[in-house]
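The values are calculated or read from the model by the stated rules, or taken from the named source; none is laboratory data. None of the values given here were measured: they were computed from a predicted structure. Note: ideal-geometry Cβ built from the backbone for every residue, glycine included; neighbour counts use all protein chains shown.
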Amino acid sequence: MLITVSTNVFSYKGVKANDEIPNLTKHKGPNLLWENLSKSAQRHIINRGRVAGYTLNWYQANNPIEDTHAVRPILHTHPLKGMLFGIFDGHSGKFTSEFCKNELFDFIEYVATKEDLLNRFDPFNDKKEEFTFITARTEQTLLSLPRDTLKYSIFPFTEAFQLADAVWLKSNLITQHSKEESGNPALNGSCAVVCHVKEDLVTTAWVGDCRAVVGRKVPQYGLDGVPSHRWECVPLTNDHQIDINEKEKNRLLGEHPGEDDVIRRNRVKGRLQPTRVFGDAHYKDTEYFKRWSGSKYYNVWTPPYVTAKPDISYYQIQDEDKFMIIATDGLFQDLNNVDVFFHSQYILRLQLKKKKINIKTALFACLDTQWIANPSTHLIKHALLAACEQAMPLSSLVPEEKRLSAIMNLPIESKRRVHDDVTVIVIFFDNEGNTETDLSNLGRSPHVPHRYVDLLEKAAKKKSML
């Protein structure tokens with residue numbers, strides 16, 4: 001159904017007839033718009049190793065917001081040095097993404113201390129299929145990396161993702177006792193992307209459709225021999241969705257032969273879009289399926305369909321690499337990687353042109369407190385404008401401020417039909433590096449995830465009662 005906006009310039013798609021439609025001829029001033037868009041914006045200067053700092057912002061479509069994030073610039077345990085950045089995109093509720101925010105990093109650090117497991121890990125054999133080596137230099141290969149480097153960069157994430165998910169499902173199954181468990185938190189799901197930055201190495205583990213992209217400024221020469229630069233983007237992730245990831249499609253068909261509706265409308269069982277997630281327990285466990293309110297619509301259900309086993313990419317930071325974006329799919333709903341990258345590097349070029357400063361100083365300028373210099377906010381603004389253009393044909397004929405005002409002033413019950421929650425972290429690289437001591441290597445005791453401890457205690461108590 002199309003509803004005509006009062007300006008008569010374009011129509012609005014995806015809104016119910018009784019929803020309030022913002023009048024685009026009346027809008028809040030730009031200062032108030034920027035203030036509302038920036039109310040969650042943050043900047044953090046780290047200046048350790050290759051990481052100069054990062055900016056962060058999020059914008060809500062769901063009520064409450066289902067996106068969460070976590071940053072751990074100083075790790076608690078040895079030997080996992082460096083820092084962790086994570087973004088978690090919840091669906092059907094916020095509980096699973098909140099769990100990832102609060103506990104996933106603890107699981108990663110905990111697993112990294114288990115030397116008996118790590119020593120059995122062989123990255124050149126049984127884990128090859130889930131590992132991608134992304135490089136900007138043709139002479140680099142997987143075999144050129146030290147075995148210990150791969151061991152600590154791959155295994156903790158593969159094991160921790162699956163252990164955390166198993167504990168999340170099991171703990172909620174024990175806690176809930178009613179026959180109807182449609183409200184069980186584990187029926188919520190969450191996509192996730194976690195980036196571990198250690199010196200010049202970036203390990204990215206992900207499930208679902210959150211993304212990580214590196215932005216590079218590469219030198220080039222024109223036909224006249226005059227030196228210049230071009231900007232490139234290097235994707236570190238590949239969405240776990242059936243329509244764009246052939247590997248995931250083949251995995252589902254191979255694991256469920258003869259199940260005609262295992263893929264329908266490019267979704268798992270016609271419902272779930274991501275094929276790898278945390279939570280979504282009814283797609284993984286028969287007991288959860290029996291207690292799920294939607295089970296009555298299916299005659300055949302043979303879980304598990306989806307998994308929390310991550311894909312992993314490994315990237316070595318080069319001098320040309322200037323920043324890395326990690327974001328929920330709300331940023332990419334109506335923008336592709338190249339669009340997002342273009343808007344990001346525009347901020348850097350603006351700083352360089354405006355201040356006539358070198359690239360390193362420009363990176364730190366992006367960490368100042370002004371809205372115009374916060375790339376995370378800048379990207380969210382363009383994600384909202386792109387959503388406006390998709391929902392409102394010919395909206396480009398309307399001034400940008402009015403379009404932004406229209407999308408931001410939608411009633412909360414209408415927002416999700418136009419755009420998703422958006423969370424963006426932009427990490428800036430300092431290519432000169434910093435020799436400051438890595439504070440993560442201070443011999444701290446391993447932090448055992450509290451939910452795991454609770455589950456073990458309940459299991460021990462149950463066993464003692466038998």
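Residue by residue, here is whether (1) touching a strand residue (DSSP E or B) at 6+ places or on another chain (Cβ under 8 Å); (2) within 25 Å of residue 281 (Cβ to Cβ) holds:
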position	(1), (2)
207	yes, yes
214	yes, no
227	yes, no
232	yes, no
243	no, yes
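Reported count of residues in segment 207-235, each being in contact with a Lys or Arg (Cβ under 8 Å, 6 or more places away or on another chain) and under 25 Å from residue 81 (Cβ atoms), is 4.
Looking across 214, 218, one residue alone is outside any loop (DSSP other than H, G, I, E, B), over 27 Å from residue 420 (Cα atoms), among the aliphatic types (A, V, I, L, M) and at pLDDT below 95. It is 218.
Examine segment 57-74 for a residue that is farther than 30 Å from residue 382 by Cβ and crowded, with 19+ Cβ neighbours inside 10 Å, and state whether such a residue exists. No - not one qualifying residue is present in segment 57-74.
Based on what the data block shows, is residue 81 under 16 Å from residue 203 (Cα atoms) and modelled with pLDDT of 65 or more?
Values: under 16 Å from residue 203 (Cα atoms): yes; modelled with pLDDT of 65 or more: yes.
Taking the combined requirement at face value, the residue satisfies it.
Of the listed requirements (1) surrounded by 18 or more Cβ atoms within 10 Å (Cβ to Cβ); (2) more than 21 Å from residue 338 (Cα to Cα); (3) modelled with pLDDT of 85 or more; (4) charged (D, E, K, R), residue 381 misses just one: (2).
Scan segment 266-283 and tell me whether some residue there is at pLDDT 90 or above, assigned to a helix (DSSP H, G or I), out of contact with any Lys or Arg (no Cβ under 6 Å at 6 or more places or on another chain) and loosely packed, with under 12 Cβ neighbours inside 10 Å. Break it down into steps so the answer makes sense when it comes.
Start the filter on segment 266-283 by keeping residues that are at pLDDT 90 or above, which leaves 266-283.
Of the ones still in play, those that are also assigned to a helix (DSSP H, G or I) are 281-283.
Okay, now just the ones that are also out of contact with any Lys or Arg (no Cβ under 6 Å at 6 or more places or on another chain), so 281-283.
Checking the rest, the ones that are also loosely packed, with under 12 Cβ neighbours inside 10 Å come to none.
No - not one qualifying residue is present in segment 266-283.
I'm trying to understand the selection: among the residues of segment 292-302, which are over 20 Å from residue 90 (Cβ atoms) and not in a loop (DSSP other than H, G, I, E, B)? Spell out how you get there, then give the answer.
Of all residues in segment 292-302, those over 20 Å from residue 90 (Cβ atoms) come to 295-302.
Within segment 292-302, 295, 296, 297 qualify.
If you take the residues of segment 197-206 that are part of a strand (DSSP E or B) and in contact with a Gly (Cβ under 6 Å, 6 or more places away or on another chain), which of them is modelled with the highest pLDDT? Among those residues, the one meeting the criterion is 197.
Could you tell me which residue of segment 84-126 is nearest to residue 184 (Cα to Cα), considering only residues that are at pLDDT below 75 and in contact with a Leu (Cβ under 9 Å, 6 or more places away or on another chain)? Spell out the reasoning first.
Going through segment 84-126, the residues at pLDDT below 75 turn out to be 115-126.
This time we only want the ones that are in contact with a Leu (Cβ under 9 Å, 6 or more places away or on another chain), so: 121, 123-124.
Values: 121: 35, 123: 37, 124: 40 Å.
Looking at the filtered set, the residue picked out is 121.
Residue pairs whose Cβ atoms lie under 7 Å apart, separated by 6 or more positions or on different chains, with the first residue in segment 263-277 and more than 16 Å from residue 297 (Cα to Cα) and the second surrounded by fewer than 18 Cβ atoms within 10 Å (Cβ to Cβ) and of a type outside the set (A, V, I, L, M, F, W, C), are 266/243; 273/267; 276/309. Taking the stated definitions as given, is residue 97 small (Gly, Ala, Ser) and over 19 Å from residue 326 (Cβ atoms)? Considered against the rule, which asks whether it is small (Gly, Ala, Ser) and over 19 Å from residue 326 (Cβ atoms), residue 97 comes out as no.
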